[in-house]
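Following: one structure in structure tokens, then a few remarks.
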Amino acid sequence: MSTIEKSVQVGVPISTAYDQWTQFESFPQFMEGVESVRQLDDKHLHWKAEIGGVTREWDAEIVDQVPDDRITWRAIEGATNKGTVSFTEDPMNKSTKVTLHLEYEPEGAVEKTGDVLKIVDMRAKGDLERFKDFIEHRGTETGAWRGEVKPTGEVRE
């Protein structure tokens, strides 16, 4: 299992950064290689992405989500991955630190070679920088979901 942790400081309030991140179907606008993300319900997503020249699809489940704090997920089918994106407010600078912690299992020779060459690491860094540009240029989120997903599986809207 490989692990990546990357952060970016975005010049928007924490609620704006968090609310935009809950708009999973907008991810292809700033995540390289992500072709589509379909939100199936409050806890489930279907991803389609190009990884190392190969198209992969997988389903993910949100296992913990707290507004303005964190979103944690795990793959339940397809590409093995799990992680957390967390949000930390910096009231002095009126900005938000967005931190991505990702664990994944490269599949096949191409992905394992890409892992050694830190391709996913660079892609994650680029995705966060593109998220920063996306939200700062918009100045506002494209939507929001302020519900919670508890580790027990309970959803509170």
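What do you reckon, is E50 out of contact with any Cys (no Cβ under 6 Å at 6 or more places or on another chain), acidic (D, E) and in contact (Cβ under 8 Å) with a residue 60 or more places away in the chain? Break it down stepwise before answering.
On the way: out of contact with any Cys (no Cβ under 6 Å at 6 or more places or on another chain): yes; acidic (D, E): yes; in contact (Cβ under 8 Å) with a residue 60 or more places away in the chain: no.
No.
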Under 6 Å between Cβ atoms, at least 6 apart or on separate chains: pull out the pairs that start in region 123-148 with a residue that is closer than 15 Å to S95 by Cβ and at pLDDT 95 or above and end on any residue that is basic (K, R) and not in a helix (DSSP H, G or I). L128/K6
Among the residues of region 14-38, write down those that are open to solvent by 70 Å² or more (accessible area, probe 1.4 Å) and not in a helix (DSSP H, G or I). E32, E35, R38
Strands (runs of 3 or more DSSP E) enclosed by region 41-100 - at least 3 residues per element that are open to solvent by 70 Å² or more (accessible area, probe 1.4 Å): 70-77, 81-90
Kindly evaluate P91 against the criterion of being at pLDDT below 95 and farther than 21 Å from V120 by Cβ. yes
In this structure, does I71 turn out to be closer than 30 Å to E154 by Cβ, in contact with a helix residue (DSSP H, G or I) (Cβ under 7 Å, 6 or more places away or on another chain) and either aliphatic (A, V, I, L, M) or modelled with pLDDT of 85 or more (or both)? yes
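The values are calculated or read from the model by the stated rules, or taken from the named source; none is laboratory data. This is a predicted model, so every value here is computed, not measured. Reconstructed Cβ throughout: ideal geometry from the backbone, glycine too, with neighbour counts over all protein chains shown. Just the protein is used for accessible areas: all its heavy atoms, side chains included, with ligands, DNA and RNA removed. Shrake-Rupley method; radii C 1.70, N 1.55, O 1.52, S 1.80 Å.
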